[in-house]
Each structure stands twice: as C-alpha cells, then as structure tokens.
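**Student:** Can you keep this structure in mind? I'll have questions shortly.
The values are calculated or read from the model by the stated rules, or taken from the named source; none is laboratory data. All of these numbers come straight from a predicted model, not from anything done at the bench. Here Cβ is always computed from backbone atoms with ideal geometry, including for glycine, and neighbour counts include all displayed protein chains. Areas reflect the complete protein model, heavy atoms only, side chains present, ligands, DNA and RNA absent. Shrake-Rupley method; radii C 1.70, N 1.55, O 1.52, S 1.80 Å.
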Amino acid sequence: PPAPGPVELVPAFTNLPFNYPVGLGLHPDGRILVVEKRGVIKAVPDDPAATGADLELFLDIQSKVDASKSEAGLLSVALHPKFTENGQFIVNYTGIVNSKLTSIIARYHVGADGLGDPSTEERLLEITQPFNNHNGGQAAFGPDGMLYIGMGDGGSGGDPGNRSQNLKELLGKMLRIDVDTTTGDLPYGIPSDNPFALNPDARGEIWAYGLRNPWRFSFDPLTGQ
C-alpha cells in the first residue's frame, strides 16, 4: 500500500466535559460513544462545537461497576456488527462477584429510545481477578464477526501465578468468542478455528496467550489482522 501522508494533531471537541474517559466507540449514526471509567457511556454528536448540554447518556451502569482501583472500571464498548438490526452491544467492566474483583463481559440491548437499557444485561463471561491491576480492558469485534477480548495476567508484578502460560486459565490471554451462537452450556460459542477449540487440556476461548496486560488492540484495516 502507499505510504501514509503527513499526520497533524489538532484539538477537537474542546467544549466537552468528561469524567475519566478511557475509551471510544463509533455509533452508526455518526455519534461518538465515550466510555467513562466510573460506569457511564456518553453519546457525542458529530459536531466539533458541541458542548456538555449536547451530550446524551447512552448507558449508566455505575451501580454494577467497581471503579475504585486505578485499572478497574468500565473499560470499553463494542457495538455488534449487526447493531443497526439487533441493537446489541458488548461492554467490558470490573465488578464485584462473590466479594471478589471480577472482569465481566456483558451484552446489552438498546431500548425503544435507541439508548442502552441497563436492565437487559446478559453476562457472557465472569473472570475473577486475583489482584487489582492488569485487568486488560478491550473488547472488540473483528472483521470476522468474532468478539476479541484482551485479558490481563491477573495483576501484581511478574505474573506470580504463571497464569499467562496456563492454558486452563483465561487470564493473560487474547480471547475469541462467537456471541451469536452457543457451545454446550456456555452463553456464547467457541469458534471451531480457535487454536485450542478441540484441546481438552486448554480453554477453547483462547486465541493467543502469554500476554501481560493487553489494554488496547486494533485490527489492520487493510489486512484484517
């Protein structure tokens, strides 16, 4: 491909107030979805002159989110590839389950008003975090329609539990699941082309392992990698 042209950074949306923004999503209608760590997603109109009065509350799940630790909170949003048809989207956040910090991958639907409905939560994955850091945070649909999830090694320093190398653990991995099907009793499907899908000694959700803390990742628009 041709070499990219020069890139210039310029201030944008300078009149908008946010509370610890950590992620962005793009709505099909052109609005930008801004993820706030505390458990809120705000919809921003595609207008550089927009002010705080123009922000719309797309989702508020502060009651479910534990953002008390520096790397915890609502960390990303991913709209389903068929969002305009099914109104589904995925969020990755940390909450408390059985008194333990837990990474939660949940599916939501929009209501009749086109905004996220907190009452529609369906938890696809709950992964207990042994420490407060290295929670990963990104969930994103790939060009193949599968959901990819970056999961940190569980925290502390130096991966004391050797979880990244343990194929029976989901921590320290890039996960890949199919949210449109199911496998067994799971609320999601294990893609048949996942490298460990048929390995009884490994978790089938694993796409890659040996990771420390994949906070963000993206897909190459030219190659899909």
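**Student:** Output wanted: per-residue J couplings in Hz (rounded whole) for region 21-26, from phi through Karplus 6.51 cos²θ - 1.76 cosθ + 1.60, θ = phi - 60°, x for Gly and Pro.
**Tutor:** x, 10, x, 10, x, 10
**Student:** Using 0.36 nm per residue, how much length does the chain from ASP185 to SER70 gain when fully extended, once their Cα-Cα distance is taken away?
**Tutor:** In short, 38.0 nm is gained.
**Student:** If you don't mind, there's one more thing I want to ask. Say R0 is 30 Å: what FRET efficiency, to the nearest 0.05, do ASN98 and ALA197 get from their beta-carbon distance? Walk me through the numbers before you get to the answer.
**Tutor:** On the way: r = 29 Å, r/R0 = 0.96.
That gives a FRET efficiency of 0.55.
**Student:** Ranked by accessible surface with a 1.4 Å probe, highest first, in what order do ASP193, ASP153 come?
**Tutor:** ASP193, ASP153
**Student:** Quick one: if you stick a label point 7 Å off each Cα along the C-beta vector at THR128 and GLN62, how many nm between them?
**Tutor:** 3.0
**Student:** Rounded to the nearest 500 deg cm²/dmol, what is the calculated helix-only ellipticity per residue at 222 nm for the chain, with -39500 (n - 2.57) per DSSP H run of length n ≥ 4?
**Tutor:** That comes out to -500 deg cm²/dmol.
**Student:** Over the alpha-carbon set of region 123-217, divide Rg by the Kirkwood Rh and report the Rg/Rh ratio to two decimals.
**Tutor:** Reported Rg/Rh, Kirkwood definition of Rh: 0.95.
**Student:** Sort 5-12, 79-86, 143-150, 163-170 for me by packing, meaning the mean count of neighbouring Cβ atoms within 10 Å per residue, highest on top.
**Tutor:** Values: 5-12: 5.6, 79-86: 14.2, 143-150: 19.5, 163-170: 16.6.
Those peptides, ordered most packed to least, come out 143-150, 163-170, 79-86, 5-12.
**Student:** If you count only protein heavy atoms and use a 1.4 Å probe, how large is the accessible surface of ASP220, to the nearest 10 Å²?
**Tutor:** Counting only protein heavy atoms, ASP220 exposes about 70 Å² to solvent.
**Student:** Can you classify region 145-185 as rounded, prolate or oblate using the Cα gyration tensor, where a ≥ b ≥ c are the square roots of its eigenvalues, rounded means a/c under 1.5, and otherwise it's prolate if a/b beats b/c and oblate if not?
**Tutor:** prolate
**Student:** Taking amide H atoms as placed 1.01 Å from N in the peptide plane, list the residues 5 or more away in sequence, or in a different chain, whose amide H sits under 5 Å from that of LEU101.
**Tutor:** Long-range HN contacts for LEU101: GLN129.
**Student:** Determine the distance separating the Cα centre of region 1-34 from the Cα centre of region 120-186; give it in Å without decimals.
**Tutor:** Between the Cα centre of region 1-34 and that of region 120-186, the gap is 26 Å.
**Student:** Separate question: Give me the 1.4 Å probe accessible area per residue for the chain, excluding ligands and nucleic acids, in Å².
**Tutor:** 50
**Student:** Separate question: Could you put SER218, SER76 in order of accessible surface area, largest first, with the 1.4 Å probe and the full protein assembly present?
**Tutor:** Numbers: SER218 95, SER76 5 Å².
Correct descending sequence by accessible area is SER218, SER76.
**Student:** Only Lys, Arg, Asp and Glu count, each charged at its Cβ (+1, +1, -1, -1), so figure out the dipole size of the chain about its Cα centre, rounded to 20 debye.
**Tutor:** Computed charge dipole of the chain: roughly 700 debye.
**Student:** For region 1-147, I need the span (max minus min coordinate) of the C-alpha atoms along each principal axis, in Å, sorted largest to smallest.
**Tutor:** Principal-axis extents of region 1-147 (Cα, largest first): 48, 39, 35 Å.
**Student:** Can you pull the percent of region 24-181's accessible area that's carbon plus sulfur, 1.4 Å probe, other chains left in place?
**Tutor:** Looking at region 24-181 in its full context, I get 47 percent from C and S.
**Student:** So what J values fall out for region 150-161 if you push phi through Karplus, 6.51 cos²θ - 1.76 cosθ + 1.60 with θ = phi - 60°, rounded to Hz, Gly and Pro as x?
**Tutor:** x, 10, x, 7, x, x, 6, x, x, 6, x, x
**Student:** Okay, moving on. Any chance you could run the full-extension gain for ALA112 through GLU8? It's 0.36 nm times the residue separation minus the Cα-Cα distance, nm to one decimal.
**Tutor:** The ALA112-GLU8 span can extend by a further 33.4 nm.
**Student:** Then there is this: Using a 1.4 Å probe and ignoring any ligands, DNA or RNA, find the accessible area of VAL22 and quote it in Å² to the nearest 10.
**Tutor:** For VAL22, solvent-accessible area is about 30 Å².
**Student:** Could you sort the peptides 198-208, 35-45 by per-residue average Cβ neighbour count (10 Å cutoff), highest mean leading?
**Tutor:** Highest to lowest by the protection proxy: 35-45, 198-208.
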